[in-house]
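Data first, discussion second: the structure below is written as structure tokens.
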Amino acid sequence: MKPAAFDYHAPESLEEALALLNEYGYEAKLLAGGQSLIPTMNFRLARPAVLIDLNRIKELSYIEKNGSGLRLGAMTRQRALERSELVANHAPLLHETMPFIAHPQIRNRGTIGGNIAHADPASELPAVMWALDGYLKLQSAAGERRVAVQDFFVGMFTTDLEPEEMLTEIEIPAMFPRSGWAFREIARRHGDYALVGVAATVRLDEAGRCEDARLVFFSVGEGPVEAQLASDALIGELPGDALIETAAALAAEADIDPDGDIHASADYRRQLARVLARDTLRRAFERTK
Amino acid sequence: MKNRYIGKPLRRNEDARLLTGQALFVDDVHIPGMLHVAFLRSDHAHARIGSIDVSAALERPGVVAAYTAQDLGDYWQPGPLLVPPPPIKDIVFHACTQVPLVRDKVRHCGEALAAIVATSRYIAEDALDDIVVELEPLDAVVDVERALEPASPRIHEHIESNLAAHVVQEKGRYETAARQAHRIIKRRFLYDRGVAAAMENRGVVANWDEKSQQMTIWDTTQAPIPIRNGLAAMLGLSESQVQVIAPFIGGGFGPKIMMFYPEEVLIPWIARELKCAVKWIEDRQENFFATTHERGQVHEAEMALSEDGRILGVRDVFLHDTGAYDPYGLTVPINSQCTLLGPYRVPNYYSEFKAVFTNKPIVTPYRGAGRQHGVFVMERLLDIAARELEIDRVEIRRRNYIAPDDFPHNHEIIYQDFAPLTYDSGNYLPALERAVEMIDYHKFLEKEKARLRAEGRYAGIGIVSYVEGTGIGPYEGARVTVEASGKVCLVTGVGTQGQGHYTSFAQVVAEQLGVEVSDIRVITGDTREFHWGTGTFASRGAVVAGNACHAAAKAVREKILKLAARLLKVPEADLVLEGGRVQVKGKPDQAIQLGDLARQANPLRGAVTPGTEPGLEATAYFGPERGATASGVHAMLVEVDPETMMVEIKRYVVVHDCGTVLNPMILEGQIQGGVAQGIGNAFYEQLHFSDNGELLNASFMDYLLPTALDVPPIETDHIETPSPLNPLGVKGAGEAGAIPTGALFVQALEDALSDLDLEINEIPLSPQRLFELVEAAKLERTVVS
């Protein structure tokens, strides 16, 4: 379990890193927190010729207010997000999620950008950013573009990033009034990849009807999976237990199409999805009050 | 006399070294110029070898040598049969032992095909990609039941089928019991186990010194002396030329016993070929394939009972998956067969098993060593009988316990140590009653359960019994020396892998010599320090080596008293040993320090009495006539979320009887560690094989060990029924915690889900599997109603 040989670069600035990425493109892998990449390299499942270590680039690590929303540098450690008051106040869903991501030791190293760009379908943060309607800043030596999270994930471990591009910033928009949120996952042991997890956001109109609802699952498909039929059932309605049960059942039976594996069959995943959808929706609607 | 050191919860002598990273482990051994080895392992579970070409690997800079089976010449031999079959009438046993490198056929995934020696492990692993292997994949034998079908592929072509062994043991006549029975309970049980997952993987460093013609081997073995003897013979060296050191070892649990693993046999051979030091450290992925497992058995069992719930007889027929080879003989299935009987009176017993070869890694003992499987069957049969006969679960156990005056109790079948299965001593009811009291069994069933259920919570209670055969022979030895400093050196042949030998053995010696435990330096696991012995496994360290330490310390005590009596001119009976000195009773000023005595016993000048031996030193051996039987009761409270099937253990109680307790704190550690592994076995750990024998979850991402968060605080208490078979009265405790957890888990879960009339006859479980079982039970109820 030793990695194959690779060339190693440790740029001190973003500009330098983008230049290296421009030079090596496909051959290079960016090293952020290394919590997924390094084990993959040790198993020799990944054999990048070049490793560009981003850990010395201080300018990529920040948590800033952006109006009533937030801007997060891609190299911000997960532990910093977990402990950030700004995150707790302006992105409470993200705050609620952080302790479920692996273990403190991993969160001390793991970064938000590394996690999102890795696009692991069992990962919490892509689903949470999706539910929050986040935006991602992708930079290259040639320029930058802003992509909605929903358009970023292409498939399992696959994103919209070009080989010369780097995810540099995550933008979380401001929460509307009368918004609610909730996160829950079921894992075999605390810190494991979830068997199923879901992030929920809802918003009520002034009459108390559901104006917007997002249920974004993870560990049930190739990436984050939004339960569209469940949202349709909720929007325009007055939230209540029966409605929530209906939406949860739709989400579990119609919106998602999970696979089975050694830890959970498809049927068991649907059962968990129904329970989680119900519980998170309940909690989210309670929080609108 | 009241014990001064034995039985005290003393802090461990070795902990300062371990906790500050100062203890030597095999991977800490660095020798200038040392080379590193990586093994090419088969991805296939069953395949015929065409050719293995290492020539490209040899071209790679940094690669020093590459070996296949062909390169080993006469050194290529199947490994030794470590445990021959016991003397049981009409036994069938086919010995097929592992080979150092595959020559003709791969028989399990991960079997080693070639070894690369390079200047670093990195380069050695790079070079594995350069090896060209041509092989013909064959259909794999995975399912233990289908393995015996005539159409099944054969794993060892020189034997007729995949049958490794067939054993029948019988006591009384089960058929007669069944005819007289009021009720017969008959079920099929599945019990699977996994990897020991010691924190430290295996590793070997071998250094051949051409000038001194000495081989030094650091090995993560539980049995350095047998390894020294075996390797010396294989390498054609004298035992005096081979030193095997088992330094600190990060957990053994059985798979590190004297296995003569391919790597263990090859690394010293390579060191001698290349005349240098060579290191191989197993990585975690290799550990899943290359280190032995324990796995599944399928039992078809029945119990005949009287109307009042007394066992009239048990019949059990089972299959045992032994993997691709069976170097450890029949220890695991014999343990299942024998331990099934538990603490119960079973007048009639018919037990038959077939051990079966499959294309899976080798099965050898792992903490509990088959006992889990047997205990599960017996406890399940009793639980089901209790339900059908409407007798309380605790009561049915109480009614069937062997009475305290019925010892020694001969079960009339042959045990793993080849002797009749005879329990030396036991007193089971006090432990049961204590556990019932500690977990508040009756209050839970009468009040708590219904109260929680009214809140929508599904809680359940379980309580099970077991025995553990421990402390088997043949023997161990120890040497105790009082040094001129007044400190004591204790050397024993057994190794150590975390059990606290540096302290518990020292306590035994301190008891006799009256010195502080911290003033006793303990040396274990170095064949140059002690020539004779077997090893630390089968819960035998405290019993066999502990009593050898006791005997050696007593002999030294006699020498001390004899010499002191002569010097102080008083009768021996007037002397006491305490505080590191010998003193005349009631006269503290008339004393002599042990260090002074040691110097007097080893004079540099003058004449000694002819025939005397120098020094205050003695070597002694201990071999019990048979094993000592420990026992215990585990109880637990669980809560299940009926929607997600996630389970939480609310309380876990262990009442244990291992005879005289040497150090209750160390004992508690043993119990807790065992229970943690038992919980892993019951609810987290499972090896998943594909239809072609690939191991699908060979990493800690997918092979789930319980973490600190999943193991509850364990409440323990002890009953002491000393063994009459050894002077200290001790019984082993190493495996106790791990044995009954599976049986306990299902009983408690069934109780929690009692609304569903669920019957669970398998281990391991998982939330996924519970979900399936519950859905099936619901479906059945719908169909019935």
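Some notes on this structure:
- Gyration tensor verdict on the range A:151-289 (Cα atoms; rounded if a/c is under 1.5, prolate if a/b is larger than b/c, oblate otherwise): oblate
- Gain on full extension, evaluated as 0.36 nm per residue between B:E529 and B:E239 minus their Cα-Cα distance, stands at 103.1 nm.
- The listed residues B:C109, B:C276, once ranked by accessible area (1.4 Å probe) with the largest placed first, stand as B:C276, B:C109.
- Within the accessible area of the range B:702-761 (1.4 Å probe), percent carbon and sulfur: 54
- Take the Cα of B:R187, step 7 Å toward its Cβ, do the same at A:R47, and the gap between the two points is 5.1 nm.
- Calculation over all alpha carbon pairs of chain A in 10 angstrom steps from 0 returns a P(r) of 7, 29, 34, 21, 8, 1, 0 percent.
- The C-alpha atoms of chain A define a longest principal axis, and helix A:266-287 lies at about 70 degrees to it.
- Loop trypsin sites (Lys or Arg not before Pro), the range B:219-278, which have at most 16 other Cβ atoms in a 10 Å radius of their Cβ (DSSP): B:K275
- For the range B:429-464, applying the loop criterion from DSSP together with a ceiling of 16 other beta carbons within 10 Å to the trypsin sites (Lys or Arg not before Pro) yields B:R457.
- Beta bridges per DSSP with both ends in chain B, % antiparallel, nearest 5: 80
- Local electrostatic count, A:K65, Cβ distance below 12 Å [Lys/Arg +1, Asp/Glu -1]: -2
- Shape of the range B:231-290, Cα gyration tensor, a/c cut at 1.5: prolate
- Crossing angle, helix A:14-24 versus chain A [Cα axis fit, 0-90 degrees, rounded to tens]: 80
- Dipole of the protein assembly as shown computed with +1 at Lys/Arg Cβ and -1 at Asp/Glu Cβ about the Cα centre; of A:G113, A:H95, B:Q672, farthest Cα towards the positive end is B:Q672.
- Under the span-like rule (Cα at least 24 Å along the axis, Kyte-Doolittle mean at least -1.0), DSSP H helices of chain B: B:371-389, B:546-568, B:767-784
- Rg to Rh, two decimals, where the protein assembly as shown supplies the alpha carbon set and Rh follows Kirkwood: 1.00
- Per-residue mean of foreign Cβ neighbours for B:762-771 is 3 (Cβ atoms of other chains, 10 Å radius).
- Neighbouring partner chain Cβ atoms per residue of B:123-130, average, 10 Å criterion: 2
- Sorted on the mean count of surrounding Cβ atoms within 10 Å across their residues, most packed first, peptides B:606-615, B:93-102 read B:93-102, B:606-615.
- Between the amide H of A:V196 and those of A:I186, distances stay under 5 Å, these residues lying 5 or more places away or on another chain, with hydrogens modeled in the peptide plane.
- In the range A:1-50, the residues that give up 50 Å² or more of accessible area when the other protein chains are added, compared with the chain on its own (1.4 Å probe), are A:M1, A:K2, A:F43, A:R44.
- Cα gyration tensor shape of chain B, rounded if a/c is under 1.5, else prolate or oblate by comparing a/b with b/c: oblate
- Protein-only accessible surface order, largest first, of B:F622, A:F100, A:F152 at 1.4 Å: A:F100, B:F622, A:F152
- Computed over protein heavy atoms with a 1.4 angstrom probe, the accessible surface ordering of B:K89, B:K587, largest first, is B:K89, B:K587.
- Projecting the Cα positions of B:A197, B:W218, B:T176 onto the charge dipole of the range B:151-236 (unit charges on Cβ atoms of Lys, Arg, Asp and Glu, taken about the Cα centre) puts B:T176 furthest along the positive direction.
- The solvent-accessible area of A:R107, taken with every protein chain present and a 1.4 Å probe, is close to 10 Å².
- Shown for the range B:439-545: the carbon plus sulfur share of the solvent-accessible area, taken with all protein chains present and a 1.4 angstrom probe, equals 50%.
- Carbon and sulfur %, accessible surface of chain A computed with the full protein complex present, 1.4 Å: 48
- Gyration tensor (Cα) of the range B:120-272, equivalent ellipsoid semi-axes in angstrom: 43, 24, 17
- For A:260-273, mean number of other protein chain Cβ atoms within 10 Å: 4
- In a DSSP loop and with at most 11 other Cβ atoms within 10 Å, the GluC sites (Glu not before Pro) in the range B:375-409 are B:E390.
- Average accessible surface for the protein assembly as shown: 38 Å² per residue, computed with a 1.4 Å probe over protein heavy atoms with every protein chain in place.
- Virtual spin-label span in nm between B:Q22 and A:N108, 7 Å along Cα→Cβ: 2.4
- Chain B packed on chain A takes about 2500 Å² of accessible surface away from a 1.4 Å probe, both sides summed.
The values are calculated or read from the model by the stated rules, or taken from the named source; none is laboratory data. Just so it is clear, the structure is predicted and the values come from calculations on it, not from any experiment. All Cβ positions, glycine included, derive from the backbone under ideal geometry; neighbour counts span all protein chains shown. Note: areas computed on protein heavy atoms with side chains; ligands, DNA, RNA excluded. Shrake-Rupley method; radii C 1.70, N 1.55, O 1.52, S 1.80 Å.
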